[in-house]
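Everything below concerns the one structure shown next.
The values are calculated or read from the model by the stated rules, or taken from the named source; none is laboratory data. Owing to the predicted nature of the structure, the values given are computational and were not obtained by experimental measurement. Cβ atoms come from the backbone with ideal geometry, glycine included; neighbour counts cover every protein chain shown. Each accessible area value is taken on the protein alone, full model and side chains, heavy atoms only, with ligands, DNA and RNA left out. Shrake-Rupley method; radii C 1.70, N 1.55, O 1.52, S 1.80 Å.
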Amino acid sequence: MVAIPSLTTLAASLALLSVGIVALGAKPAQRFPVGDNGTLRCRLPDYQAEPLLQWLVARYQEPSFLDTDGHDFRGAVLGDRVEEAWFDDQSLSLLQAKHEVHHVRRVGQGATAGVSDILYLTTGQQTLALHHAVDPTAPTRFQDALALHDLVTADQRPAVELTLRDSGIRPASLERTLRLDRKRHGILLSDQTGPCLEIAVDQCTSLQQDLALRWVEFEVSIPPARNGDAVVGETMQRVRTQVLEEVRAQFPQVKPESEGPYATVFLRLQSGTWLPLRTLHELKLSDQQAKIALLMLTALTLSAPALIFALRRVRGQRHQRNAQLV
């Protein structure tokens with residue numbers, strides 16, 4: 001099992017990572033408390049997705065009633081895709097310890113046009129957001145099995161691996177375990193300086209081999225650039241809370257997730273199959289491979305009595321013929 005690091009060790013590793021990234025000429029990592037990297041995700045029944053989306057557009061397309069602290073908000077239609085992936089070792093030690101190595105790729109459209117990659121490292125008491133650590137070609141070159149070593153750019157790799165090792169995590173053991181695709185629709189709130197808040201209904205699809213489950217979620221998220229600013233981030237968090245309270249007042253079925261995204265997605269996938277996903281991951285078996293193996297074992301088990309009976313019958317007939325010859 002991976003040991004949870006002490007706060008002293010974690011603080012030292014975060015400082016080393018920040019120094020390493022600055023030395024390489026990249027933007028320093030942004031740090032957030034665990035569970036608040038800017039995004040609040042909620043469970044939502046499928047049948048509520050469309051009514052909620054219509055209400056969001058009607059409510060927040062003209063959001064001047066949210067103006068605060070010199071921020072004059074305007075609304076725009078939001079529509080983009082987000083690809084997410086989590087990395088873990090063969091024993092799913094990070095999942096057990098509530099750590100996360102989480103890659104987020106956004107393919108924006110309209111008001112959020114463009115492609116961006118962020119690598120989140122959640123260990124101990126903080127989440128780090130690394131904006132320049134991901135090789136943009138890696139996710140397309142490795143569709144199924146992708147190691148963390150392959151995802152991170154060569155110049156950022158030493159700093160990222162140092163942080164993981166100092167947190168008790170072996171970087172070389174990390175491979176992609178879960179993949180998720182989000183199609184997001186809703187409202188983007190912006191002020192005079194740019195995007196501030198994304199209010200979206202997500203159509204989620206698991207990209208696990210042979211376990212392509214679908215569900216919907218509601219999320220309210222602050223773009224990393226605004227959440228990383230201490231003053232602006234605090235203001236946006238208050239607005240985010242106000243929006244979430246308004247939504248829950250209109251749609252009581254919206255329930256905030258209590259676990260982190262990695263644990264939440266894993267538990268949802270586990271609820272969608274009777275197979276033990278932890279065991280399959282340790283054995284490096286896909287859902288389909290496990291089902292085929294179980295079917296073969298079941299067929300063999302059911303046919304064994306008939307086979308034994310047939311062999312005994314043949315042997316009995318042989319003994320009977322031998323006795324007649326004598």
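Looking at the stretch 47-70, I want the residues that are loosely packed, with under 13 Cβ neighbours inside 10 Å and have a partner that is of a type in the set (S, T, N, Q) with Cβ atoms under 6 Å, at least 6 apart or on another chain. Which pairs are those?
Qualifying pairs under 6 Å: D69/T235.
Give the residue that is nearest to the chain's Cα centre (by Cα), with candidates limited to residues of the stretch 40-63 that are part of a loop (DSSP other than H, G, I, E, B) and not hydrophobic (A, V, I, L, M, F, W, C).
P45
Quick one: in the stretch 83-107, which of the residues that are over 23 Å from H185 (Cβ atoms) and in a strand (DSSP E or B) is farthest from the chain's Cα centre (by Cα)? Break it down stepwise before answering.
Start the filter on the stretch 83-107 by keeping residues that are over 23 Å from H185 (Cβ atoms), which leaves 86-101.
Filter once more, so that each one left must be in a strand (DSSP E or B): 86-88, 100-101.
Working: W86: 5, F87: 9, D88: 11, E100: 9, V101: 9 Å.
Top of the filtered list is D88.
Considering only residues that are assigned to a helix (DSSP H, G or I), under 25 Å from L56 (Cβ atoms) and within 12 Å of the chain's Cα centre (by Cα), which ones fall in the stretch 250-275?
Scanning the stretch 250-275 gives P261, T264, V265, R268.
Looking for something within 23 Å of G79 (Cα to Cα), crowded, with 19+ Cβ neighbours inside 10 Å, of a type in the set (D, E, K, R) and in contact with a strand residue (DSSP E or B) (Cβ under 9 Å, 6 or more places away or on another chain) - is there at least one such residue anywhere in the stretch 208-223?
Checking the stretch 208-223: at least one residue is within 23 Å of G79 (Cα to Cα), crowded, with 19+ Cβ neighbours inside 10 Å, of a type in the set (D, E, K, R) and in contact with a strand residue (DSSP E or B) (Cβ under 9 Å, 6 or more places away or on another chain).
Give the residues of the stretch 169-206 that are open to solvent by 40 Å² or more (accessible area, probe 1.4 Å) and either in contact with a helix residue (DSSP H, G or I) (Cβ under 8 Å, 6 or more places away or on another chain) or farther than 18 Å from L119 by Cβ (or both), sorted by residue number.
Filtering the stretch 169-206 down to residues open to solvent by 40 Å² or more (accessible area, probe 1.4 Å) leaves 170, 172, 175, 179, 183, 185, 192-193, 195, 203.
The answer is R170, A172, E175, K183, H185, Q192, T193, P195, Q203.
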